[in-house]
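Below is one structure, written out as structure tokens; comments come after it.
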Amino acid sequence: MGVKGLTKLLADNAPKSMREQKFESYFGRRIAVDASMCIYQFLIVVGRTGMETLTNEAGDITSHLQGMFSRTIRLLEAGIKPVYVFDGKPPEMKKDELLKRHAKRNEATEELTKAVEAGDTDAIEKFSKRTVKVTKQHNDDCKRLLRLMGVPVVEAPCEAESQCAALCKNDKVYAVASEDMDSLTFGATRFVRHLMDPSSRKIPVMEFEVAKILEELEFTMDQFIDLCILCGCDYCDSIKGIGGLTALKLIRQHGSIEGILENINKDKYQIPEDWPYQEARRMFKEPDVTLDIPELKWTAPDEEGLVNFLVKENGFNQDRVTKACIFLVSLCSSYLNIFINHICHGFHVRP
């Protein structure tokens, strides 16, 4: 879910912190990608018509593989160096949010059954997407694919968003790519949306800079985190009756959630019982992340492994996979030549 309404709030109150960018403007940049978010998008969009999805001969869904393969090739063609980050164990604080999502999928499944019985194609399309869940198998499939392609994979100890942000804050990558705005709340220096959009629409990439957000709002990072908690995040409920704009005004007036709670009209605004906002704040400020990862390297593809996995096991077109392998090999040689050129001329390869 991320942070409710944060994009519009920033567009209205910190417009200089966000700007449209061309896909190609990230040439040569390392980008940390929230893999699970991408897989979810691929499962919803790629090859889906109503309840029908792309499958192999065994009946296993392959939409996530098609999407990940095509989009990764597209990134590499543009000179972008993706680093895919996968979720680890979800934090205890997110348990309630995950239960809500589970309940919503169950409701969608019931509505889908009714739609199928009624022959309502629009409703089938709508509710079938809401039943989609990224599974461990989907993640494992994509990890295997990316490693065969020679693209680095990072397995987060906890949440991918916070791990991506940690890589960015420590200059391991240039920016974080996701659709969840809470990457900013975790302190990602730069955050981009729509870089991984799987649809055929040409949507411009939107880049956010956290330093400019703080400058325009005249907030500290702590105040920005409190703003995001008040807007509504994955770790706790928000105060009923307070939306983004009201939250912004209250933080400006009182400086923190504690200051708001001391002065708020409790008859007007309903504060959740035993509201764990301090724990939510700690999750954003001190997430479970690691920087003890292997050096990020983009290597030559395992051509035989890719053919076996994509063509023989999952029914991909062999010519397409073979051409992709040739491209990946040539790309790897290009990266090596660029690196050698930088070393010879005393330059640093930028993240």
_Fewest-first sequence of Glu179, Glu110 by Cβ atoms within 10 Å of each Cβ_ = Glu110, Glu179
*asked:* For Cα pairs less than 8 Å apart in space and 6+ apart in sequence, what is the mean separation divided by the residue count of the stretch 195-257, i.e. the relative contact order in percent?
replied: 24 percent
*What is the fewest-to-most order of Asp274, Asp237, Asp60, Asp180 by other Cβ atoms lying within 10 Å of their Cβ?*
Asp274, Asp60, Asp237, Asp180
*Largest first and in whole Å, give the semi-axes of the chain's equivalent ellipsoid, each being the square root of 5 times a Cα gyration tensor eigenvalue.*
36, 28, 17
*From Cα coordinates alone, what are the radius of gyration and Dmax values for the stretch 219-285 in angstrom?*
10.7, 31
*With charges only on Cβ, +1 for K and R and -1 for D and E, what is the dipole size of the chain about its Cα centre, in debye, rounded to 20?*
820 debye
*What net charge do the residues around Leu98 carry, taking every other residue with its C-beta under 13 Å from that of Leu98, with Lys and Arg at +1 and Asp and Glu at -1?*
+2
_Need one number: convex hull volume per residue for the stretch 26-121, Cα atoms only, in Å³._
143 Å³
_the stretch 97-249 shape via C-alpha gyration tensor axes, a/c threshold 1.5_ = oblate
_Acute angle (nearest 10 degrees) that the helix 136-149 long axis makes with the longest principal axis of the chain, alpha-carbon atoms_ = 50 degrees
*Which angle from 0 to 90°, rounded to the nearest 10, does the C-alpha axis of helix 318-344 make with the longest principal axis of the chain?*
70 degrees
*Taking the Cβ-Cβ separation of Glu77 and Asn170 as r and a Förster radius of 30 Å, what is the calculated FRET efficiency to the nearest 0.05?*
0.60
_4 °C / 1.567 mPa s Stokes-Einstein diffusion coefficient of the stretch 108-157, Kirkwood radius on C-alpha pairs, µm²/s_ = 98 µm²/s
_If neighbour count is taken as other Cβ atoms inside 10 Å, put Ile39, Ile73 in order from fewest to most._
Ile73, Ile39
*Two decimals is fine: what is log10 I(q)/I(0) at q = 0.17 Å⁻¹ for the stretch 17-215, from a Debye sum with one equal scatterer on every Cα and no solvent?*
-1.21
*Nearest-5 percent of antiparallel DSSP beta bridges in the stretch 17-215?*
45 percent
*To the nearest 10 degrees, how steeply does helix 121-130 sit against the main Cα axis of the chain, on a 0 to 90 scale?*
80 degrees
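Every number here is computed from the coordinates shown, using simple stated rules; none is lab data. Keep in mind that this is a model prediction, so the values were computed, not measured. Every residue, glycine among them, receives a Cβ derived from its backbone with ideal geometry; neighbour counts consider all protein chains shown.
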